[in-house]
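Report on the structure given below.
The values are calculated or read from the model by the stated rules, or taken from the named source; none is laboratory data. Here the structure is a predicted model, which means the values were calculated and not measured. Here Cβ is always computed from backbone atoms with ideal geometry, including for glycine, and neighbour counts include all displayed protein chains.
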C-alpha cells in the first residue's frame, strides 16, 4: 500500500508514510485497493499500518487514531463494494513501535496503542492480520487483546518478518527468536494462519518449510503464507522514518512469480505482496497460480 501510494503521487512523506494519504487523500487509498482487486487479490488490507505514534506522533495518535482506523476500514469496504467482487478485508494490526525494531517494544504501552485500533477496525473487517511482527512478546500481547475485544472471534492471521541482514543457522524473527518457536507458540494460541512478510523472498522458503514440518507434527490445520518485499537486506538498527528505502529492480512480476511457485510447492496457501510489490505482481500470481 505505502509504495503504491507513493508511486501514484499520493501525499507521502516520512514519518507519516502511508498514514498521510489516509488523512489527506483517502480516495487514492481506495483507488489502490481497487487496483489490487482488479489484479486478482482475494484479500485486501486496511491502510492502518502506519496509524501508530511511531509514524503519526503521540498527540495526533491520541486525537485521531480511532477515526483514521475506522476510515481505513470504510475505504476498504467502499473499494470492495465498488468492485462487485468477493474480497475479504483484513484489519492490519502493525508493529506498535516501529517495523523491524524488536528492541523498541514496550509492554507497558502496547495496550494503549493497540486497543483504539482494534476497537475501530473490529466492526468492519473480516479477519485480523497482525503483520510484520519481529517479537513474540508483542505478538502474544496483541492476540490476547484482540481476543478480549472481538466477540465474533474473526479469523486471526499472524505474519512474521524474518532476519535477512545476516546469515542464521535456521530461520529466525528479527528478534533472534526462531521460526520454530514462533510457530509452536502461535499454534498454541489458536491462530488460523501463520505467514512471513516484509523481508526478502530468498529467505522465506526455509521458514515455510519449518512451519509446515511443525504443523504436520502437531496435526494442526493452520494455513501458511508469504508476502515478501522488494527491499535490500534491512539492518538491525533500521531507522524506518529517516527516508525511503531503495527497491530492488530484479524482483519483476515474473521473478516474483518464481518465488511464489516455490512457496506454493512447499505448502503455502496464502501468497501476496508487501512493500514494492505492485498490482502487476499480483496479476502475475493470479494468472499463473
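Key figures for this structure:
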| item | result |
| --- | --- |
| Residue, nearest to residue 227 (Cα to Cα), within segment 276-289, restricted to residues that are in contact with a strand residue (DSSP E or B) (Cβ under 8 Å, 6 or more places away or on another chain) and surrounded by 21 or more Cβ atoms within 10 Å (Cβ to Cβ) | 277 |
| Residues (crowded, with 16+ Cβ neighbours inside 10 Å, under 25 Å from residue 53 (Cα atoms) and at pLDDT below 95) located in segment 231-275 | 231, 234, 238, 240, 245, 275 |
| Any hit, segment 52-65, residues being touching a helix residue (DSSP H, G or I) at 6+ places or on another chain (Cβ under 8 Å), in contact (Cβ under 8 Å) with a residue 40 or more places away in the chain, crowded, with 22+ Cβ neighbours inside 10 Å and within 17 Å of residue 127 (Cβ to Cβ) | no |
| Candidates 145, 129 - the one that is under 22 Å from residue 260 (Cβ atoms) and outside any loop (DSSP other than H, G, I, E, B) | 129 |
| Residue 225 being in a strand (DSSP E or B) and either modelled with pLDDT of 95 or more or crowded, with 22+ Cβ neighbours inside 10 Å (or both) | yes |
| Any chance residue 139 is surrounded by fewer than 20 Cβ atoms within 10 Å (Cβ to Cβ) and assigned to a helix (DSSP H, G or I) | no |
| Enumeration of residues in segment 97-109 that are surrounded by 19 or more Cβ atoms within 10 Å (Cβ to Cβ) and over 22 Å from residue 272 (Cβ atoms) | 97, 98, 101, 102 |
| Out of 190, 91, sole residue that is touching a residue at least 24 places away in the same chain (Cβ under 8 Å) and under 13 Å from the mean Cα position of the chain (by Cα) | 91 |
| Residue 99, sole failed condition from (1) in contact (Cβ under 8 Å) with a residue 40 or more places away in the chain; (2) out of contact with any helix residue (DSSP H, G or I) (no Cβ under 6 Å at 6 or more places or on another chain); (3) farther than 22 Å from residue 44 by Cβ | (3) |
| Residue list for segment 166-185, restricted to those being buried (at least 16 other Cβ atoms within 10 Å of the Cβ) and within 21 Å of residue 260 (Cα to Cα) | 171, 172, 173, 179, 183 |
| Count of segment 186-205 residues which are farther than 17 Å from residue 95 by Cβ and either surrounded by 18 or more Cβ atoms within 10 Å (Cβ to Cβ) or in contact with a helix residue (DSSP H, G or I) (Cβ under 7 Å, 6 or more places away or on another chain) (or both) | 8 |
| Cβ-Cβ under 8 Å pairs, at least 6 apart or on other chains, segment 275-288 side without any contact (Cβ under 8 Å) to a residue 12 or more places away in the chain and on the phi > 0 side of the Ramachandran plot, far side outside any helix (DSSP H, G or I) and surrounded by fewer than 19 Cβ atoms within 10 Å (Cβ to Cβ) | none |
| Residues being in contact (Cβ under 8 Å) with a residue 40 or more places away in the chain and more than 18 Å from the chain's Cα centre (by Cα) - total across segment 16-29 | 2 |
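Residues are listed down the side, and each one gets a yes or a no for (1) assigned to a helix (DSSP H, G or I); (2) at negative phi:
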{"position": "165", "(1), (2)": "no, yes"}
{"position": "175", "(1), (2)": "no, yes"}
{"position": "183", "(1), (2)": "yes, yes"}
{"position": "190", "(1), (2)": "no, no"}
{"position": "203", "(1), (2)": "yes, yes"}
{"position": "206", "(1), (2)": "yes, yes"}
{"position": "209", "(1), (2)": "yes, yes"}
{"position": "213", "(1), (2)": "yes, yes"}
{"position": "220", "(1), (2)": "no, yes"}
